[in-house]
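The values are calculated or read from the model by the stated rules, or taken from the named source; none is laboratory data. Computed from a predicted structure; not experimentally measured. All Cβ positions, glycine included, derive from the backbone under ideal geometry; neighbour counts span all protein chains shown. Only protein heavy atoms, including side chains, enter the accessible area calculation; ligands, DNA and RNA are left aside. Shrake-Rupley method; radii C 1.70, N 1.55, O 1.52, S 1.80 Å.
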Amino acid sequence: MGNPQNRWPNSRLQDRQDILKYISMQDLNYCRNPTSAEQPWCFVSRPWDLIPEWEFCDIPFCSCRKESPECRLTLEGREYAGMKNVDGEGRRCQPWLTSDPKRFHRLNFFAFPDQLMDYSNNYCRNPGSGETTLNALQEFWAIPDKDDLWCFIKEKTSQTWGLCKVPFCYELYERSALEGKPTEGYPECLQTEMGKEYVGTTRKTRSGNPCLRWDTQPFGKLEDFDPNLTYDDHFRFGNPASHQDFCRNPTLKEKPWCFVSDLEKIWDYCDIPRCPDLHNKTECKWTHNGEEYAGTLNVTVSGRLCLPWNDSGLLDKFWPKFPEDVTSENHNFCRNPTGKKDLPYCFVGFDNDEKTFEGCDIPFCPLHYLHERCLLGNGSN
């Protein structure tokens, strides 16, 4: 446990407000290191107490990777610690630290994931997170009001910033798989018989025919598509283009399938193996908002028990985005059928006659492909 006389590990008392701002941006109660202490830590009493208590967390080092992956896990990208230093238009980023004293007073350096900050650091970051911090920064610079990765570009111009294009880690995996480096196991396997949750990269049918892209709608809506919903509404993210030509099950067929150019078949099933622990489903999410999550957690972050989805009023419009036939199973597991929340959630009842939903604590799945590259010798030692 931390020394009670040292209210914040490796910090000054005047930094308290900045630390609290950083903490307010964090999800749940995970171990973090907002003060550049020797290792991640967390509060074990309320952080706004006069003398809050804290402890270090025991977190192992990654097996052999030294550099941070060039991808983001979340939409905001606050965890990104990669080395991309050009914005989305290819303009070179400027260092965060300059001789301008306003940056020292207005930038919240506790929000940076870097262990050390020097005058050469010009990597894409998201330090302007949270309404208070954004307002403080926008008082002096016309920075983006979007909670995203960005960087300063040119000084003394009408536009001083640029948004950065950093892929999600699952998108980085897709690129790797299409280059002939798919991983073994999840996500290249089925967690359920129907496979509506499948997010792998198989793109040929069981007979070897190549799949057609979903967004081309080669044969429109088949008879098992819901006539009351649009074609796009049947796909996770509401965007068939993001699924490219991968095998999917946007309806209620027996298993994943895809359209083919054979006019006699139109579509065919794909041959995808089952995950080894089919009945012990992977309790993690692959994408940032977890629409594909097919696990069995049924308790929210506050400890409330989830209620059956049949009582939620969401099934008529969103049944295709559940990773199973929820209309017949009627379970109470955490899901994200609407895609509007940044994590799986569930229906917990009524508060003041209003339907209430709460988020669930679903961790990200391990980045298998990074580990496998490491084992092959890329990035070891």
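A few remarks follow.
- Of all residues in the range 94-123, those satisfying the criterion of being crowded, with 17+ Cβ neighbours inside 10 Å, modelled with pLDDT under 80 and assigned to a loop (DSSP other than H, G, I, E, B) are Leu107, Asn108.
- Among the residues making up the range 331-381, those that are touching a Gly at 6+ places or on another chain (Cβ under 7 Å), in a loop (DSSP other than H, G, I, E, B) and modelled with pLDDT of 90 or more are Phe333, Asn336, Pro344, Ile362.
- Answer from Asp311, Asp271 - the residue that is closer than 23 Å to Lys355 by Cβ and among the acidic types (Asp, Glu): Asp311
- Only a single criterion out of (1) open to solvent by 50 Å² or more (accessible area, probe 1.4 Å); (2) of a type in the set (Lys, Arg); (3) under 30 Å from Lys204 (Cβ atoms) is not satisfied by Arg304, namely (3).
- Scanning the range 241-255 for residues that are open to solvent by less than 10 Å² (accessible area, probe 1.4 Å) and over 20 Å from Asp325 (Cβ atoms) yields one hit, Phe246.
- Some residue of the range 140-150 being open to solvent by less than 30 Å² (accessible area, probe 1.4 Å), of a type in the set (Asp, Glu) and either closer than 16 Å to Lys84 by Cα or modelled with pLDDT under 60 (or both): yes
- Residues of the range 324-349 satisfying the condition of being within 15 Å of the chain's Cα centre (by Cα) and open to solvent by less than 10 Å² (accessible area, probe 1.4 Å): Arg335, Asn336, Pro344, Tyr345
- Residue match in the range 160-180 (condition: assigned to a loop (DSSP other than H, G, I, E, B), under 30 Å from Trp96 (Cβ atoms) and over 24 Å from the mean Cα position of the chain (by Cα)): yes
- From Lys317, Lys265, residue being more than 15 Å from Gly195 (Cβ to Cβ), assigned by the TED database to the domain that holds Leu367 and of a type outside the set (Asp, Glu): Lys317
- Flag if Asn135 is more than 23 Å from the chain's Cα centre (by Cα) and modelled with pLDDT of 90 or more: no
- One residue stands out in the range 266-297 among those that are touching a residue at least 12 places away in the same chain (Cβ under 8 Å) and open to solvent by 60 Å² or more (accessible area, probe 1.4 Å): the one that is nearest to the chain's Cα centre (by Cα), namely Glu283.
- The selection criterion, being more than 14 Å from Pro256 (Cβ to Cβ), in a loop (DSSP other than H, G, I, E, B) and of a type in the set (Asp, Glu), holds for Glu184.
- The set of residues from the range 182-194 being open to solvent by less than 40 Å² (accessible area, probe 1.4 Å) and over 21 Å from the mean Cα position of the chain (by Cα) comprises just one member, Thr192.
- Those residues of the range 350-363 which are buried (at least 16 other Cβ atoms within 10 Å of the Cβ) and closer than 24 Å to Glu70 by Cα, in sequence order: Ile362
- Scope the range 236-249; condition modelled with pLDDT of 95 or more and part of a loop (DSSP other than H, G, I, E, B); matching residues: Gln244, Asp245, Phe246, Cys247, Asn249
- Unmet criterion (only one of (1) part of a loop (DSSP other than H, G, I, E, B); (2) among the charged types (D, E, K, R); (3) under 26 Å from Ile362 (Cα atoms)) for Lys265: (3)
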